[in-house]
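S.K.: Sharing a structure with you now.
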Amino acid sequence: MSLVTATLGGASFALFWHNRPVGNAPASQVSPTSSPAAISANASLEIPSEIRPLNLLDIDDVEPGSEFDEFRREFRHAVANRDPDFMMDLLPEESPLWETIGQVRVWEELEKAIALGCIIEENPTDANFDPFTSLWICPPVQSELLQAYPPLADSPQPRLDWEKNQVVVVGSGVNVRSQPDIDSEVISVASNEVLTRNPSPSEDTEIEEFEDTADSFSSPLDGWTPIWLPSGEAGYIYNRYVYSPLDPQIQFGQVQGEWQLFYQDSGVGNE
């Protein structure tokens, strides 16, 4: 079994290329359906002041040894090796990946998306797929987040704004740093939980300035995400350990008996 482990974020989270992810214990036993109290970061954003546990490492509908399990293992291996030929064999004619498959960012998005589990949709209604087959969606960030912590009916934020402001930490003991720098101070840790993204103008300015000197800031794997802790303290988490419901999703379906890759730029509009 080949195992790729990211150490820069300081978390016990591994990307398994030849097996399903192993779940870690939630950071808290607070009920996922509770409605935590909130503190205001600014006039339009409220930060829940309690830990919101969500363990995405526990979620995977793929049966070990199944046909899709074997295919996913091959796909993970191809992504790890940046194999464009393998990918192009999976793409439908209309796929946007035909023009971008060689880009570093796309490889990183695919690597991050397939690192977690996948959920199944039985008998998809799309006419492109073979009848009586299954659609696989990876990763299940958006659906699991909306199920565990749906936006309140009277929330002042539209759903899209709400999704933009939520991120899920994956792994135990993930370092939260004072700056988007691996050498900066560790101010806290987070474990398998939902946090609020920090969209403040000061953070956006800092991100833009940082990108001027280091393009990797926005990397899906090696960049940084500004967040608010439940305490109201601001910090940064290494992108390898944090997922957004608006991150790109990948879907796999069977067309004429062969697996095809359907890529979505983001989770916007997907249930």
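S.K.: Would you point out which residue out of Q147, Q251 is assigned to a helix (DSSP H, G or I), closer than 30 Å to P124 by Cβ, modelled with pLDDT under 95 and not hydrophobic (A, V, I, L, M, F, W, C)?
M.R.: From the options Q147, Q251, the qualifying one is Q147.
S.K.: OK, next. Looking at the stretch 54-65, can you tell me whether even one residue there is over 22 Å from V255 (Cα atoms), in contact with a Leu (Cβ under 6 Å, 6 or more places away or on another chain) and not in a helix (DSSP H, G or I)?
M.R.: no
S.K.: Quick check on my filter: what residues within the stretch 49-79 are touching a Ser or Thr at 6+ places or on another chain (Cβ under 7 Å) and modelled with pLDDT under 95?
M.R.: I51
S.K.: Would you be able to tell me the number of residues in the stretch 171-191 that are in contact with a Leu (Cβ under 9 Å, 6 or more places away or on another chain), more than 18 Å from S218 (Cα to Cα) and assigned to a loop (DSSP other than H, G, I, E, B)?
M.R.: Total meeting the criteria: 1.
S.K.: Within the stretch 122-140, is there a residue that is under 21 Å from the mean Cα position of the chain (by Cα), within 22 Å of V242 (Cα to Cα) and of a type in the set (A, V, I, L, M)?
M.R.: Yes, some residue in the stretch 122-140 is under 21 Å from the mean Cα position of the chain (by Cα), within 22 Å of V242 (Cα to Cα) and of a type in the set (A, V, I, L, M).
S.K.: Let me ask something additional. Can you report the number of residues in the stretch 93-109 which are at pLDDT 75 or above, of a type outside the set (D, E) and assigned to a loop (DSSP other than H, G, I, E, B)?
M.R.: Going through the stretch 93-109 one residue at a time, the tally reaches 3.
S.K.: Take the stretch 215-248 and flag every residue that is in a strand (DSSP E or B) and of a type outside the set (A, V, I, L, M, F, W, C). Spell out how you get there, then give the answer.
M.R.: Narrowing the stretch 215-248 to residues in a strand (DSSP E or B): 224-228, 234-238, 242-243.
Hits for the stretch 215-248 are T225, P226, G235, Y236, Y238, Y243.
S.K.: Would you tally the residues in the stretch 109-132 being farther than 21 Å from I59 by Cα and either surrounded by 15 or more Cβ atoms within 10 Å (Cβ to Cβ) or polar (S, T, N, Q) (or both)? Show your work before the answer.
M.R.: Start the filter on the stretch 109-132 by keeping residues that are farther than 21 Å from I59 by Cα, which leaves 125-132.
After this cut, where a residue has to be either surrounded by 15 or more Cβ atoms within 10 Å (Cβ to Cβ) or polar (S, T, N, Q) (or both) as well, the list is 125, 128-129.
Summing the residues that are farther than 21 Å from I59 by Cα and either surrounded by 15 or more Cβ atoms within 10 Å (Cβ to Cβ) or polar (S, T, N, Q) (or both) in the stretch 109-132 gives 3.
The values are calculated or read from the model by the stated rules, or taken from the named source; none is laboratory data. Note that the structure is a prediction, hence the values are computed from the model and not measured. Methodologically, a virtual Cβ is constructed for each residue, glycine included, from the backbone with ideal geometry; neighbour enumeration extends over all protein chains shown.
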